[in-house]
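*Asks:* Pasting a structure below so you can have a look.
Coordinate-derived values only; no laboratory data. The model shown is predicted, which means the values in this text are computed figures rather than measured ones. Cβ: placed from backbone, ideal geometry, glycine included. Neighbour counts: every protein chain shown.
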Amino acid sequence: MSSTLMILNGPNLNLLGTREPEIYGHETLADIESLCAKAAAEHGLSIDFRQSNHEGVLIDWIQEARNGFAAIIINPAAYTHTSIALHDALKTVSIPVIEVHISDPEKREAFRHQSYVGLVANRTISGKGAAGYAEAVAIAAKLI
């Protein structure tokens with residue numbers, strides 16, 4: 001069995017650290033990648049950390065994760081609320097799926113309250129900042 005977690009990040013997360021720091025904090029995506037690598041190592045796991053602004057690329061990666069990965073951790077960003085395609089792709093995997101959000105969508109604009117990804121995820125972690133990723137790694141480790 002694989003010991004690699006695929007960690008996917010959606011649109012605009014490449015701008016973390018500079019984009020709306022009052023909502024998303026000052027950590028960069030590279031900081032979060034380091035945090036995830038450390039958390040995974042504590043559980044004897046490794047990570048494959050990716051980011052794309054393109055929905056189709058994220059879908060391709062989800063399909064790739066079906067073979068050779070232990071779990072998917074995904075922050076779909078704005079696609080959380082719009083992408084039935086991501087929802088459908090995640091339904092095809094037989095490995096754990098953990099949805100993570102830096103902010104808490106339930107405490108933001110009403111249009112952010114619906115999560116198509118959350119409907120198929122094993123767990124959702126929201127509003128814990130970058131630390132939510134480390135929690136997602138720990139949950140994935142328990143589920144695999």
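*Asks:* Could you tell me whether segment 62-71 includes any residue that is in contact with a helix residue (DSSP H, G or I) (Cβ under 8 Å, 6 or more places away or on another chain), assigned to a helix (DSSP H, G or I) and of a type outside the set (S, T, N, Q)?
*Replies:* There is at least one residue in segment 62-71 that is in contact with a helix residue (DSSP H, G or I) (Cβ under 8 Å, 6 or more places away or on another chain), assigned to a helix (DSSP H, G or I) and of a type outside the set (S, T, N, Q).
*Asks:* Further question: For ILE59, all conditions in the list (1) within 18 Å of ALA140 (Cβ to Cβ); (2) surrounded by 14 or more Cβ atoms within 10 Å (Cβ to Cβ); (3) not basic (Lys, Arg) hold save one; what is the number of the exception?
*Replies:* Only one criterion in (1) within 18 Å of ALA140 (Cβ to Cβ); (2) surrounded by 14 or more Cβ atoms within 10 Å (Cβ to Cβ); (3) not basic (Lys, Arg) is unmet by ILE59, namely (1).
Here's the yes/no breakdown for (1) touching a Cys at 6+ places or on another chain (Cβ under 9 Å); (2) closer than 17 Å to ASN9 by Cβ; (3) free of Cβ contacts under 8 Å to residues at least 60 places away in the same chain:
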site	(1), (2), (3)
GLN51	no, yes, yes
GLU64	no, yes, yes
ALA70	no, no, no
ILE73	yes, yes, no
ALA77	no, yes, no
GLY118	no, yes, yes
ALA141	no, no, no
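*Asks:* Only one of ALA30, ALA134 is free of Cβ contacts under 8 Å to residues at least 12 places away in the same chain, in a helix (DSSP H, G or I) and of a type outside the set (Val, Ile, Thr). Can you tell me which?
*Replies:* ALA30
*Asks:* Do we find that ARG66 is more than 14 Å from the chain's Cα centre (by Cα) and surrounded by fewer than 18 Cβ atoms within 10 Å (Cβ to Cβ) in this structure?
*Replies:* When the stated conditions are applied, ARG66 passes them.
*Asks:* Tell me whether segment 92-103 contains one or more residues that are hydrophobic (A, V, I, L, M, F, W, C) and without any contact (Cβ under 8 Å) to a residue 12 or more places away in the chain.
*Replies:* no
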